[in-house]
Amino acid sequence: MASRLRPWLEERLPLADLLETLRHKTVPHHRYSGWYYFGGMTLFLFAMQVGTGALLLLYYRPSATEAYESVQFIVTRVPFGWLVRSIHAWSANLMVACAFAHLFSVLFLHAYRRPRELTWVSGVLLLLLTLAFGFTGYLLPWNEVSFFATRVGTDIAATVPVIGHGLVRFLRGGNDVSGATLTRLFGFHVAVLPAIATALVGLHLLLVQRHGMSVPPSVERNRAADPGVMRTIPFLPHFLLRDLFAWTAVLAMLAALSTFYPWELGTKADPFAAAPAGIRPEWYFLWAFEALKHMPSTLAGIDGEFVAVAAMGIMGIGAILLPFMARNTPGGRRLVVWTGIVMLLFMSAMTALALAGNTP
Amino acid sequence: MRGTVRIAVAAIALSVFPATVRAQTAVETAKSAFGEDVHAAAGLTCAACHVSSRGAGALPIPSRTAIAPLCATCHSDAAYMRRFDPQVRVDQFLQYQTSVHGKRMAADDERVATCTDCHGVHGIKRVNDARSPVAPLNVTTTCGRCHGDPARMKLFGREATPPGDWSASVHAAALIKRGDTSAPTCIACHGSHGATPPGVTSVANVCAQCHVREAELFRVSPKKEIFDALGEPECLTCHRNHRIEPPQDTWVGVQEGSVCVECHDESGDSGMTIRRVREELDGLSAALSNADAVLTRAERAGMLVDDGRTAFQEAREYRVQSRVLVHAFALAPLLKVTTEGTASARRAQQVGEAAMLELQTRRRGLALATLVILAFLGTLWLKIRRLPPPSSQQPTQRAM
């Protein structure tokens, strides 16, 4: 059967060319190459999200009256529903963590340099999409915490000049978070964002294959001094097996987290109830949430919240355009590293403050 | 002589001046307070109450016995009061005349309370205004000013009500801690304008205003006749007055410290029934406690036990019913409810136990899966170790 299938496929698909290419493909192997695997782990978690998300879709009902009950049904009545939902939730969080680790490793190893500018841009856009997946998916169980956190989160959009209020209405499907918001965010979560993400992942992988793995400048310098110091490993099977090892370890971690710390469902959202104390967004938005809290009401006569949102917007645009702005000189690279360190410290400090609950 | 007259005039002027100043200050204070008075808001002026036959400018103060009739000239006039509030009551003065306060006042005893003692004088607020002395949160303090004062009450041959009694009650907790403004204060039981102590046989009617089911059960119970014959004040016999504490299951029983033991002992049918009632209450509470423990354990472990919580809530409602049924002073109706309550509690416990069992199964499954994954990781590791070492070749840049 297999002996007949292979020629049939080879006649129609360029499988032989692809295998041949992969057989000859090599990957740099040096003291920093461990960081390469975060990209693969993020991809693996994205695949997990697609798989578990598709399974959840079989039972989930996107309406204010049925969403909570349908998730409750999934975790209590559907065989292994609890596992699928927990893996989906934990996998989402691990995916954000891996994506951040991948972005900062690429930043610190200067892998954004020519000719990989577009790889970097597509990567940053993918990270932003991952955060958008988190934001749109958070409300879907329609529980108390997610309801009020979404209200706070969408409120922030109102600070954008001119289009702010229109943007809030667009996100919410009305003046306040309601069943219309749920349906809208569900649409984004399962249709719009996955379509864009799939296209971007495809582009990102294509560019990675096109340009290969970047070698950090410090390793390049050593190679110039001693050509023997730079080693490579074949993509097949050396790199792929290591990747598989990392994916399996992530899978083991997901299974353990889902079993020992099943994702809570909480209580059903009541739009007419007062917001409970301690409402805060998911951990990856905490730094921004905390930074907004610490902003004064006005800054040089300008609305403080607007200044913070504008600064974050500039930061985002700056991150996307980094390869076009940063100079590929020792001084330019040092500036990028220190900017990255400051950003990382700022985000960590804000997150720690929010977790400690020390906000005034 | 002229000098003596001057000194005398000066002395009189000096003695009159402070009194004039004091009067002036009192008028100013009254005017200021009246600015926030509900009557001022309705367009009334000083002259509406300070009616003088001497013409404008004079402000005679009504005598204490004249205050209630003066207020009644408007507040008992339905046609007049309808202009301000179509649903306002106009029977306050009639009620006042039936009260202990009103009767004494009618007998020219000016020491008892009249309208202004409770509502204030120049800064009168609506009753539902939190600043009013008769607003739900303030009324017990207002009554307590007189009724909590032993010296004042002694004048009437009555004992003062200790101010802390009501504050320590379950009713005070409902009002102050939970903010339930429908919780009873002094006036809910004694009346407001028609304030009078409820008689021994009417106490159950007062309590029945809120505790409807308990009162129904009590009225048809054998205790009703016995209490009436003994002159016992019905509800108050067990629950006391003013300092009404949250009832406990331990009140039922023939052991020391229970309420029943004040009249009953272990002997006879009554002693046995009391013991059985207590056993039933304790049995249901124990079943609830066991169910709660296992449900809480399951919830802390991240399991969803909503069905169990529903059954648990049902069992709690049966417990509430069973505690109410104590007022039937009979075993049969109680048994029916406690049996159903215990069944619900056991159902809740079973859901919790099933969840814990499911958790064990999951963990065993995870242990097995982890072993398989670890074996796979180990195999991968061995495979990677056996691969040829990295070469010193240039990495492929254009792989595709």
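Derivation of every value follows stated rules applied to the coordinates shown; laboratory data play no part. What you see is a predicted model; the values in this text were computed from it and never measured. Note that we place each Cβ from the backbone using ideal geometry, even for glycine, and neighbour counts take in every protein chain shown.
Build a GNM of chain A with springs between Cα atoms under 10 Å: which of A:Ala54, A:Ala99, A:Ala132 gets the top mean-square fluctuation?
Checking each option, the largest mean-square fluctuation is seen for A:Ala54.
Sorting A:Leu335, A:Leu257 on the 10 Å Cβ count, fewest up front, what's the list?
A:Leu335, A:Leu257
Work out how much length B:Ala229 to B:Ser32 would gain on full extension: take 0.36 nm times their residue separation and subtract the Cα-Cα distance, in nm to one decimal.
The span from B:Ala229 to B:Ser32 would gain 65.2 nm if fully extended.
Test of understanding: express the Cα radius of gyration of the protein assembly as shown as a ratio to 2.2 N^0.38 Å, with N the residue count.
1.48
Want the number for B:Val220 to B:Leu137: 0.36 nm per residue separation, take away the alpha-carbon distance, what's left?
Here the segment from B:Val220 to B:Leu137 would lengthen by 26.3 nm.
Taking θ = phi - 60°, what integer Hz values does the Karplus form 6.51 cos²θ - 1.76 cosθ + 1.60 yield along region B:180-189, in sequence order, with x for Gly and Pro?
Values per residue, Gly and Pro as x: 7, 6, 8, 5, x, 10, 3, 6, 5, 9 Hz.
Among all the aspartates and glutamates, which ones have a C-alpha under 19 Å from B:Lys383's C-alpha, if same-chain residues fewer than 8 places away are not counted?
Excluding near neighbours in sequence, the set is A:Asp243.
For the pair A:Arg114 and A:Ala195, what calculated FRET efficiency results from E = 1/(1 + (r/R0)^6), where r is the Cβ-Cβ distance and R0 = 30 Å, to the nearest 0.05?
E(calc), rounded to 0.05, equals 0.50.
Quick check on the exposure proxy: order A:Ser146, B:Ser267 from fewest to most C-beta atoms within 10 angstrom.
Placing the least packed residue first, the sequence is B:Ser267, A:Ser146.
Given that compact globular proteins tend to follow 2.2 N^0.38 Å, what is the ratio of the alpha-carbon Rg of chain A to that value?
1.11
Which aspartates and glutamates, on any chain, are close to B:Lys224 with Cα under 16 Å apart, when same-chain ones fewer than 8 places away are left out?
Cross-link targets: B:Glu214, B:Glu216, B:Glu232, B:Glu234.
Determine ³J(HN,Hα), in whole Hz, for all residues of region B:121-136 in sequence, where each value follows from phi through the Karplus function 6.51 cos²θ - 1.76 cosθ + 1.60 and θ = phi - 60°; x replaces Gly and Pro.
Computed from phi, the couplings for region B:121-136 are 10, 9, x, 5, 10, 5, 4, 7, 7, 4, 7, 5, x, 10, 5, x Hz.
Could you list, in their original order, any pairs among B:Lys31/B:Lys125; B:Lys31/B:Lys177; B:Lys154/B:Lys223; B:Lys103/B:Lys154; B:Lys223/B:Lys336 whose Cα atoms are separated by more than 25 Å?
Exceeds cut-off: B:Lys31/B:Lys177; B:Lys154/B:Lys223.
Calculate the spin-label point distance for A:Arg4 paired with A:Ser348, positioning each point 7 Å from the Cα along the beta-carbon direction, and give it in nanometres.
6.1
Do any trypsin sites (Lys or Arg not before Pro) in region B:181-246 lie in a DSSP loop with no more than 15 other beta carbon atoms within 10 Å, and if so, which?
Those that pass, being in a loop and sparsely packed, are B:Arg240.
With the Cα gyration tensor of region B:125-196 in hand, give its eigenvalues times 5 under a square root as the equivalent ellipsoid semi-axes, listed largest first in whole angstrom.
22, 14, 11
What is the set of long-range amide H partners of A:Ile233 at a cut-off below 5 Å, with H atoms built 1.01 Å from backbone N?
A:Val27, A:His29
Which ³J(HN,Hα) values in Hz, rounded to whole numbers, follow from the phi angles of region A:96-113 under the Karplus curve 6.51 cos²θ - 1.76 cosθ + 1.60, where θ = phi - 60° and Gly and Pro get x?
Ordered by residue, 3J(HN,Hα) equals 4, 4, 5, 5, 5, 4, 5, 4, 5, 5, 5, 5, 6, 8, 6, 7, 7, 5 Hz.
Taking neighbour Cβ counts within 10 Å as the exposure measure, how do A:Tyr284, B:Tyr80 sort from fewest upward?
Ascending number of Cβ neighbours within 10 Å: B:Tyr80, A:Tyr284.
Once the Cβ-Cβ distance between B:Asp180 and B:Ala79 is put in as r, and R0 is 30 Å, what FRET efficiency do you end up with, to the nearest 0.05?
0.25
Taking region A:233-305 on its own, what percent of its Cα-Cα pair distances exceed 18 Å?
Result: 71 percent of Cα pairs exceed 18 Å.
In whole angstrom, how far apart do the alpha carbon centroids of region B:266-344 and region B:168-209 sit?
Centre-to-centre (Cα) distance: 29 Å.
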